[in-house]
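Visitor: This structure is in structure tokens; I'll ask about it shortly.
The values are calculated or read from the model by the stated rules, or taken from the named source; none is laboratory data. Note that the coordinates shown come from a computational prediction; the quantities given were computed from them, not determined experimentally. Every residue, glycine among them, receives a Cβ derived from its backbone with ideal geometry; neighbour counts consider all protein chains shown. Just so you know, the surface numbers come from the protein's heavy atoms only, side chains and all, with ligands and any DNA or RNA stripped out. Shrake-Rupley method; radii C 1.70, N 1.55, O 1.52, S 1.80 Å.
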Amino acid sequence: MFLTNQRKWISVSTINISQAQIPEGESEWVEIDVGVDSDLSTVTLHLYVINGEREGPTLWLQGGIHGNEQGGSLAVRDLALELDPSEISGAVIALPVSNPSGFANKRRGSQINHVGPRDVNSLFPGDPDGTFPERLADEIFSLIRSHADAVINAHSADGETIMHTEFAYVPMSDTTTDERTSKLGSASGITHLVELDTTEMSGWMTAELVERGIPSIIVESGSGTHVYEWAYETYRRSIQNVARHLDILDGKPEETDSSQTVYSDLVFLNAGEGGFVETFVRGGDEVESGESLAEITDLKGRQRELITSPCDGTVFAIRSFPTARPGDLVIEMAPAPTPTDDAE
Ligand SMILES: [Zn+2]
């Protein structure tokens, strides 16, 4: 039975969220204003609430907290609009665009802030009196903690990188939430699961939620420049699987074609110097320690750097943009699990 530390099963009843009341068996868009800008425009979050006809938990679906990762926003919107309250036990609340100014400007972080960090995803639990990105984080965090029993957050690679595969962040914090979070990961059917300690993800929405008893995972696939079919399907399949696992949707999670691998670390290989980038691998490739992954050459044709794998592992994302500046991400990969990891 699904039960969080925060809330018991919601009974079949009207959902009160902000000023809106959504009766059981109905779906509705709810607008939540999170600020008034200097030009008098209002910053608004648009939530789609699907209140099922039968009792059950509430699943929160979210996209676009990184405003340049828009494939997840599209999949969350489409899936939410397809859900029929008569097929739902509990509720689904979808927030396709959780960082409106970043989304509109196709930028990772909030565009309403001229100093300080802009990456809303790293500013949780937020601060109601802080910078705008901190206020936005606070508003989203409060909504989730008041209404949700489990959370899926859709991300992708950005406009300069591509992920030909899929993976999920599964935060672990030595709490009773871990087992339920871990089950979300396995139920999702995502091929590669990365279990990271929440202390390594401090400030991330998903980790801060897990620490407060709300199981939460991040699904990653695709790129910021195109909605690839495989990535779109990854979001849809994993969300449907988790909804079935929680008994919000009827049926069992789909059997996966391939077995899932659980990793316990991620490695980001960044360009030491700028130049043209040629990559020799794709997302999903298994590589060996010392294997050449990418080469950086300068505009005079000289090799500046050969990036090799520091370990055996699996490549998740590669640089797709022709060039890199110093420090830009070239390869994102996960070290192969050790036998100890498997036993855990
Ligand atoms: Zn992201």
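Visitor: Go through the stretch 24-29 residue by residue and turn each phi into a ³J(HN,Hα) via Karplus (6.51, -1.76, 1.60, θ = phi - 60°); whole Hz please, and just put x for glycine and proline.
Guide: Using θ = phi - 60°, the values come out as 4, x, 10, 10, 7, 7 Hz.
Visitor: Which distance in nm do the two modelled labels at Glu179 and Glu291 give, with both placed 7 Å along the Cα-to-Cβ direction?
Guide: Result: 3.7 nm between the two label points.
Visitor: Report the residue, chosen from Ala94, Ala207, Ala104, that carries the largest GNM mean-square fluctuation when the chain is represented by alpha-carbon nodes joined by springs under 10 Å.
Guide: Ala104
Visitor: Using only Cα positions of the stretch 74-209, each an equal point scatterer, no hydration layer, compute I(q)/I(0) via Debye at q = 0.12, 0.14 Å⁻¹ and quote the log10 values to two decimals.
Guide: Once normalised to I(0) and log-transformed, intensities are -0.55, -0.76.
Visitor: Here is a follow-up. Hey, can you grab everything whose amide H is under 5 Å from the amide H of Tyr228? Only 5+ residues off in sequence or another chain; H modelled, so Pro and N-termini drop out.
Guide: Under 5 Å from the amide H of Tyr228: Ser223.
Visitor: Moving on. Checking the a/c ratio against 1.5 first, then a/b against b/c, what shape does the Cα gyration tensor give for the stretch 17-72? Provide the component values of the computation, followed by the final result.
Guide: On the way: a/c = 3.45, a/b = 1.53, b/c = 2.26.
Because a/c hits 1.5 or more and a/b fails to exceed b/c, the stretch 17-72 counts as oblate.
Visitor: Given a 1.4 Å probe and heavy atoms of the protein chains only, how would you sort Lys183, Lys300, Lys252, largest accessible area at the top?
Guide: Numbers: Lys183 95, Lys300 150, Lys252 170 Å².
Solvent-accessible surface, decreasing: Lys252, Lys300, Lys183.
Visitor: Give me the percent of the accessible area of the stretch 165-296 that comes from carbon and sulfur atoms, probe 1.4 Å, all protein chains in place.
Guide: 42
Visitor: Using the Karplus curve 6.51 cos²θ - 1.76 cosθ + 1.60 with θ = phi - 60°, work out ³J(HN,Hα) for each residue of the stretch 205-221 in order, rounded to whole Hz, and write x for Gly and Pro.
Guide: Once rounded to whole Hz, the list reads 3, 5, 6, 5, 5, 4, 5, 9, x, 10, x, 7, 10, 10, 9, 10, 6.
Visitor: Please list, ordered by chain and number, the residues whose modelled amide H lies under 5 Å from the amide H of Ala294; skip anything fewer than 5 residues away on the same chain.
Guide: Sorted by chain and number, the residues that satisfy this are Phe280, Ile307.
Visitor: Before rounding to the nearest 500, sum -39500 (n - 2.57) across all DSSP H runs of length at least 4 in the chain and divide by the residue total; then give [θ] at 222 nm in deg cm²/dmol.
Guide: Theoretical 222 nm ellipticity from helices: -6500 deg cm²/dmol.
Visitor: Ok, one more. How big is the stretch 143-198 along each principal axis, measuring the range of its Cα positions in Å and listing the largest first?
Guide: 36, 24, 20
Visitor: Roughly what % antiparallel, to the nearest 5, for the DSSP beta bridges in the chain?
Guide: Just about 65 percent of them are antiparallel.
Visitor: Considering the alpha-carbon set of the chain alone, what are its Rg and its Dmax in angstrom?
Guide: That works out to 20.2, 68 Å for Rg and Dmax.
Visitor: Determine the gain in length on full extension of the stretch Glu200-Trp29; use 0.36 nm per residue of separation and subtract their C-alpha separation, reporting nm with one decimal.
Guide: Length difference between fully extended and current span is 58.0 nm.
Visitor: Give me the accessible area of Leu81, 1.4 Å probe, in Å² rounded to the nearest 10.
Guide: So the heavy atoms of Leu81 present about 90 Å² to solvent.
Visitor: Run the paramagnetic zone check for Thr44: 7 angstrom along Cα to Cβ, then residues of the stretch 66-87 with backbone nitrogen under 18 Å.
Guide: The answer is 77, whose backbone nitrogens lie closer than 18 Å to the label point.
Visitor: Same structure, new question: Using amide H atoms built 1.01 Å from N in the peptide plane, name the residues 5+ places from Gly203, or on other chains, whose amide H lies under 5 Å from its own.
Guide: Answer set, sorted by chain and number: Glu208.
Visitor: Step through the residues of the stretch 293-308 one at a time and calculate ³J(HN,Hα) from phi using the Karplus curve (6.51 cos²θ - 1.76 cosθ + 1.60, θ = phi - 60°), rounding each to whole Hz and writing x for Gly and Pro.
Guide: With the stated coefficients, the stretch 293-308 comes to 10, 6, 10, 10, 10, 8, 6, 9, x, 8, 6, 9, 6, 10, 8, 10 Hz.
Visitor: Do you know the relative contact order of the chain, to the nearest whole percent, from alpha carbon pairs under 8 angstrom that are 6+ apart?
Guide: Values: 916 pairs, mean separation 50.2, N = 344.
With pairs under 8 Å counted, the relative contact order is 15 percent.
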